[in-house]
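Single-structure report; data block below.
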Amino acid sequence: MASSDRAAMNRHRWSILLAVFVLAGALGLSALAHASFNAVLLVPLLVVVGGLLLVVTLILAALPVRRRVSFWPLSILLAGIALTCVGMVRGMNWRFDRVEREFAPLIAALEAYRAEKGTYPESLEALVPDRLEKLPACDLAEGRSEPGRPVERGYQLMASDRFSITCYTVVFWKYSYNSQQKEWYGWD
């Protein structure tokens, strides 16, 4: 086997190995985003790394170098970064959907309390155990409440006819329910 054939075969093997590692990383980070809101903080980093890879490859392609620059590994890396970003954002949205499902019984109990008493309760403890078995938690990992983040601290009675519920999701990012508009929204 000639030296050039071996070199081509080695490049092909490295490209396949790179593709496998990139796709495994994309799957792993996407799964992490489903497990943790904080994993989404990696998305900007991945975008920056992808941009740097693109710039370096374009610079190498423009320079008069002896070796030909292969765009195959770059395309695999960029595709992996794009898949990871999409997967992580979808994971974050999945967690927001899960917060909405977990808090739907609490919101229904608050509305029933108001229909009966004319006002929302000062504290969510007024709903347990008559209207709710237990209060939902902002941290929804396997239904356990994260210390320091009980929903009670996220409930705010704004007036007798208004309340809000806020869960801190990604470091400074909050996900809140507005009782007047009857909708969830994200903010920082």
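ARG66 passes every criterion in (1) in a helix (DSSP H, G or I); (2) modelled with pLDDT under 75 apart from (1).
Residue count for the range 101-110 under the criterion of being surrounded by 13 or more Cβ atoms within 10 Å (Cβ to Cβ) and either among the hydrophobic types (A, V, I, L, M, F, W, C) or farther than 21 Å from ALA31 by Cβ (or both): the result is 6.
Among the residues of the range 136-159, how many are modelled with pLDDT of 85 or more and either buried (at least 19 other Cβ atoms within 10 Å of the Cβ) or among the hydroxyl-bearing types (Ser, Thr, Tyr) (or both)? Spell out the reasoning first.
Filtering the range 136-159 down to residues modelled with pLDDT of 85 or more leaves 136, 155-159.
Now restrict to residues that are either buried (at least 19 other Cβ atoms within 10 Å of the Cβ) or among the hydroxyl-bearing types (Ser, Thr, Tyr) (or both): 136, 155.
Summing the residues that are modelled with pLDDT of 85 or more and either buried (at least 19 other Cβ atoms within 10 Å of the Cβ) or among the hydroxyl-bearing types (Ser, Thr, Tyr) (or both) in the range 136-159 gives 2.
For first residues located in the range 173-187 and under 13 Å from ASP97 (Cβ atoms), partners that are charged (D, E, K, R) and lie 6+ apart or on another chain with Cβ distances below 8 Å form the pairs TRP184/GLU100; GLY186/LYS174.
When you check ALA112 against the structure, is it out of contact with any Pro (no Cβ under 6 Å at 6 or more places or on another chain) and under 21 Å from LYS134 (Cβ atoms), yes or no? So that I can check it myself, show each step before the final result.
On the way: out of contact with any Pro (no Cβ under 6 Å at 6 or more places or on another chain): yes; under 21 Å from LYS134 (Cβ atoms): yes.
When the stated conditions are applied, ALA112 passes them.
Applying the set (1) charged (D, E, K, R); (2) at pLDDT below 75; (3) under 26 Å from LYS174 (Cα atoms) to GLU100 leaves exactly one unmet item: (2). The single condition from (1) outside the structural domain of LYS174 (by TED's automatic domain parsing); (2) surrounded by 15 or more Cβ atoms within 10 Å (Cβ to Cβ); (3) modelled with pLDDT of 70 or more that ALA39 fails is (3).
The values are calculated or read from the model by the stated rules, or taken from the named source; none is laboratory data. Keep in mind that this is a model prediction, so the values were computed, not measured. Positions of Cβ are generated from backbone atoms using ideal geometry, with glycine treated the same way; all protein chains shown enter the neighbour counts.
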